[in-house]
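K.L.:
Dropping a structure here in structure tokens format, bear with me for questions.
The values are calculated or read from the model by the stated rules, or taken from the named source; none is laboratory data. All values derive from a computational prediction rather than experimental measurement. All Cβ positions, even for glycine, are placed from backbone atoms using ideal geometry, and neighbour counts span all protein chains on display. Accessible surface is based on the protein model in full, side chains and every heavy atom, while ligands, DNA and RNA are left aside. Shrake-Rupley method; radii C 1.70, N 1.55, O 1.52, S 1.80 Å.
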Amino acid sequence: MNYTGRFAPSPSGPLHLGSLAAALASWLDARAHAGRWLLRIEDVDTPRTVAGAADTIMEQLRALGLHWDGDIMWQSQRGKAYQHAFDALAGQGLVYGCGCTRREIADSSLRGAGLAADGERPYPGTCRHGLPAGRQARAWRLRVPEGVETFTDRWLGPQQQDVAQAVGDFVLRRADGLWAYQLAVVVDDAEQSITDIVRGADLLSSTARQRVLARLLGATPPRVMHVPLIADPATGLKLSKQNGAAPLDTARPMAMLAQAWRALDFAPCPADTPAAFLAEATARWAARFHIKAR
Ligand code: GLU
């Protein structure tokens, strides 16, 4: 079996302990499978991109010994591919223009199904059968097929979501003209022949959407593993750039790796260098997940 994994940070700030746990898990899983590990900079959301953050992330990964294979993919250079995928979906009648504002969606779904798993309100389908008179398309949405999406997460076990009901027709191209994360990530995972996604549990709620989209685009959805998020001991909130998590202290690489490793629920793995730590951690990861590299 060929294994290709990836780490796909958004360059909205430096990596913190939470993002390191995801990067480490993804790196270890790829190495335990004797697979490839690619780096993709998810700078599709240009207003959230911070100048210099991508370089910082690369330096942080190198300092911790998390070396990647091949060339980096930059989402900001992938507009043609996203357009192509969008056109393919539109050609199947699966895309429609939506004139609703956020406010209108919030108001109309108060009467409907409540909050989706990620706290977003399901889109109530207002524009599905055509824009109301006098309205112009702002965003472009996928006509989500009916049915329950089921998959097995390698960390969390069996999962299911009725995307049409829980999320509704989701956005492919945003009102500000930018490509949506869901479309970009699926197109890029297919382009890079990603077989396995290992990432933080905050993205579990996006997985069913991405599987639906992958199949509509003729791609095979990758296997997934969603690893635990790390909470800030002071606030109990998950570590995130939005919550002001501290950047990794790359002057103390062993301490950073040890903390991320513990967050992944492993017993300490003493070592003197990142390379020695990673070799031992790869063996332990392979043993826990019954991975036999060829
Ligand atoms: N760019 C996303 C993030 O930093 C991750 C996307 C993914 O792994 O699918 O949260």
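K.L.:
Of the accessible area of the range 214-278, with the probe set at 1.4 angstrom, what percent is carbon plus sulfur?
P.N.:
Carbon and sulfur together cover 57 percent of it.
K.L.:
So, one more: What 222 nm value per residue comes from the helices of the chain, counting each DSSP H run with n ≥ 4 as -39,500 (n - 2.57) and dividing by all residues, nearest 500 deg cm²/dmol?
P.N.:
Helix-only estimate at 222 nm: -10500 deg cm²/dmol.
K.L.:
Please identify which residues in the range 156-170 have an amide N closer than 11 Å to a label point set 7 Å out from the Cα of residue 48, following the Cα→Cβ vector.
P.N.:
Counting backbone N atoms under 11 Å from the label point, the list is empty.
K.L.:
Still on this model: Kindly give the semi-axes, whole Å and largest first, of the ellipsoid equivalent to the chain, taking each as the square root of 5 times a Cα gyration tensor eigenvalue.
P.N.:
They are 35, 20, 19 Å, listed largest first.
K.L.:
May I ask you to evaluate 6.51 cos²θ - 1.76 cosθ + 1.60, the Karplus curve with θ = phi - 60°, for each residue of the range 170-178 and list the ³J(HN,Hα) values in order in whole Hz, giving x for glycine and proline?
P.N.:
Taking θ as phi minus 60°, the curve returns 9, 7, 9, 10, 7, 4, 8, x, 7 Hz for the range 170-178.
K.L.:
Moving on to the next point. Suppose a student asked you for the relative contact order of the range 23-89, using Cα pairs under 8 Å spaced at least 6 residues apart; what percent would you report?
P.N.:
Computed value for the range 23-89: 42 percent relative contact order.
K.L.:
Moving on to the next point. Considering the chain, which cysteines have no disulfide-compatible partner, defined as another cysteine with its Cβ under 4.7 Å away?
P.N.:
Lacking a cysteine Cβ partner under 4.7 Å: 100, 269.
K.L.:
Output the relative contact order of the range 153-294, whole-number percent, from Cα pairs under 8 angstrom with separation of 6+ residues.
P.N.:
18
K.L.:
Could I have the simple spin-label model distance between residue 280 and residue 292, label points 7 Å from Cα toward Cβ, reported in nm to one decimal?
P.N.:
Going by the 7 Å Cα→Cβ label model, 2.7 nm.
K.L.:
Okay, moving on. Projected onto the charge dipole of the range 179-294 (+1 at Lys/Arg Cβ, -1 at Asp/Glu Cβ, origin at the Cα centre), which of 216, 197, 187 gives the Cα projection farthest towards the positive end?
P.N.:
My answer, from the dipole projection, is 216.
K.L.:
Roll a 1.4 angstrom probe over the protein heavy atoms and tell me the percent of accessible area of the range 1-42 that is carbon or sulfur.
P.N.:
Here it works out to 51 percent.
K.L.:
Can you tell me how much longer the chain between residue 137 and residue 234 gets when fully stretched, taken as 0.36 nm per residue apart minus their C-alpha distance, in nm with one decimal?
P.N.:
In short, 30.5 nm is gained.
K.L.:
Something else about it: Give the calculated FRET efficiency between residue 251 and residue 87 to the nearest 0.05, with a Förster radius of 41 Å applied to their Cβ-Cβ distance.
P.N.:
The computed FRET efficiency comes out at 0.25.
K.L.:
Sticking with this structure for a sec: Based on the alpha-carbon set only, what is the convex hull volume of the range 169-294 divided per residue, in Å³?
P.N.:
171
K.L.:
Right, here's the next one. For residue 34 and residue 193 in the same chain, what is the full-extension length gain: residue separation times 0.36 nm, less their Cα-Cα distance, in nm?
P.N.:
So the extension gain works out to 55.7 nm.
K.L.:
Also, quick follow-up: Going by accessible area, probe 1.4 Å, with all protein chains left in place, what is the ranking of 104, 59, largest first?
P.N.:
59, 104
K.L.:
On to the next question. Compute the FRET efficiency between residue 271 and residue 74 as 1/(1 + (r/R0)^6), taking r as their Cβ-Cβ distance and R0 = 51 Å, and round to the nearest 0.05.
P.N.:
0.95
K.L.:
Name the residues whose placed amide hydrogens come within less than 5 Å of the amide hydrogen of residue 200, ignoring near sequence neighbours (fewer than 5 apart) on the same chain.
P.N.:
Residues meeting the criterion, in which the H sits 1.01 Å from N, are 227.
K.L.:
Now for a different question. Hey, what do the phi angles of the range 183-191 turn into as Karplus ³J(HN,Hα) couplings, whole Hz, using 6.51/-1.76/1.60 and θ = phi - 60°, x for Gly and Pro?
P.N.:
5, 4, 5, 5, 5, 6, 4, 5, 4
K.L.:
Restricting to Cα pairs below 8 Å that are 6+ residues apart, what does the relative contact order work out to for the chain? Please round to a whole percent.
P.N.:
RCO, the chain: 25 percent.
K.L.:
Related question: Residue 103 to residue 165: FRET efficiency via 1/(1 + (r/R0)^6), r the Cβ-Cβ distance, R0 22 Å, to the nearest 0.05?
P.N.:
E(calc), rounded to 0.05, equals 0.45.
K.L.:
In addition: Tell me, what is the per residue accessible area of the chain in Å², probe radius 1.4 Å?
P.N.:
Accessible area per residue: 48 Å².
K.L.:
Can you list residues from other chains, or at least 5 along the same chain, whose modelled amide H is less than 5 Å from the amide H of residue 99?
P.N.:
Counting only residues 5 or more places away or on other chains, the set is 138.
K.L.:
Determine ³J(HN,Hα), in whole Hz, for all residues of the range 46-59 in sequence, where each value follows from phi through the Karplus function 6.51 cos²θ - 1.76 cosθ + 1.60 and θ = phi - 60°; x replaces Gly and Pro.
P.N.:
Along the range 46-59, the couplings run 4, x, 8, 6, 9, 4, x, 5, 4, 4, 4, 4, 4, 4 Hz.
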